[in-house]
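Report on one structure; see the data block that follows.
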Amino acid sequence: MQKKINVSVVSYLNAQPFIYGLEHHPIKEQIVLCKDIPSECARKLLHGEADIGLIPVAVIPQLKDFDIIGKTCIGAVGKVASVLLCSDVPLQDIEKVFLDFHSRTSVTLVQVLSRYFWSINPVFMDAPIDYIEHIKNKTAGVIIGDRTFDLQKHFKYIYDLSEEWQKFTNLPFVFAAWVGRKGIDTQLLESFEEALHNGLKHKQIVIDKFQINYGSTFDVAHYLNTSIRYELNEEKIRGMRLFLDYIKLLETQ
């Protein structure tokens, strides 16, 4: 009997079409699917606990013997609506920033934007679990994922990091990409990719399922159809490569 492939996928709403596709395709018999926060997806690949993962792109340079697989991702062109810098004061008055522990990509992105676009130099701090309650006065915070869906009324200033990246570079942003270890059977990878695309074709099922949870407070259809862009095209690859270049630049300074 062939050994099953371990797959770690982000548990956020934006990845639910992928999850639907993997759970409603024959590939489900060949994989063990785990739903994790982005940082855990990355940890599992780094420690050999997963063979394929939807991981924050900032982690890709750390991976050995892995390749980006397929033509899908979690990306955005302009506003993404779920990766935010929240503050009571405008950018130039921010002194400290809590960094969301869920994803290295988002916290690295805010550091890149701070240094190279906004020209601010706040103190960056690891966020405790209850850090959202401590975003006040001149202390801001990066908040990502499903926790961002009802924040508009809580903070005076909200900066969408994908939109800010677009202003800075005129390129889209890729938050997470599918990465697999080298040597996985080609036929299995083809089936895996087919399952992901099948999930995207059935987004409406996902939208109907999750809209019930949010009622009138959040438009799931707009988020999954407009805010999130799933195709890993050449322009997104250019944006991703530029971001990785900025990471290298940050590390040398």
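The values are calculated or read from the model by the stated rules, or taken from the named source; none is laboratory data. Note that the structure is a prediction, hence the values are computed from the model and not measured. Because the Cβ atoms are built from the backbone with ideal geometry, glycine has one as well, and the counts that use them run over all protein chains shown.
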**Message:** Against the definition (within 19 Å of Phe175 (Cβ to Cβ), at pLDDT 95 or above and within 16 Å of the chain's Cα centre (by Cα)), how does Leu109 come out, yes or no?
**Reply:** yes
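Inspect all residues belonging to the range 169-190 and state whether any of them is closer than 18 Å to Pro122 by Cβ and more than 16 Å from the chain's Cα centre (by Cα). Walk me through it before giving the result.
The first filter runs over the range 169-190 and keeps only residues closer than 18 Å to Pro122 by Cβ, leaving none.
The answer is no, given that none of the residues of the range 169-190 is closer than 18 Å to Pro122 by Cβ and more than 16 Å from the chain's Cα centre (by Cα).
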**Prompt:** Looking at (1) outside the structural domain of Ile27 (by TED's automatic domain parsing); (2) in contact (Cβ under 8 Å) with a residue 60 or more places away in the chain, which is the one condition that is false for Ile120?
**Reply:** (2)
**Asked** Mind checking whether some residue in the range 191-205 is over 25 Å from Ile52 (Cβ atoms) and either without any contact (Cβ under 8 Å) to a residue 60 or more places away in the chain or assigned to a helix (DSSP H, G or I) (or both)?
**Response** yes
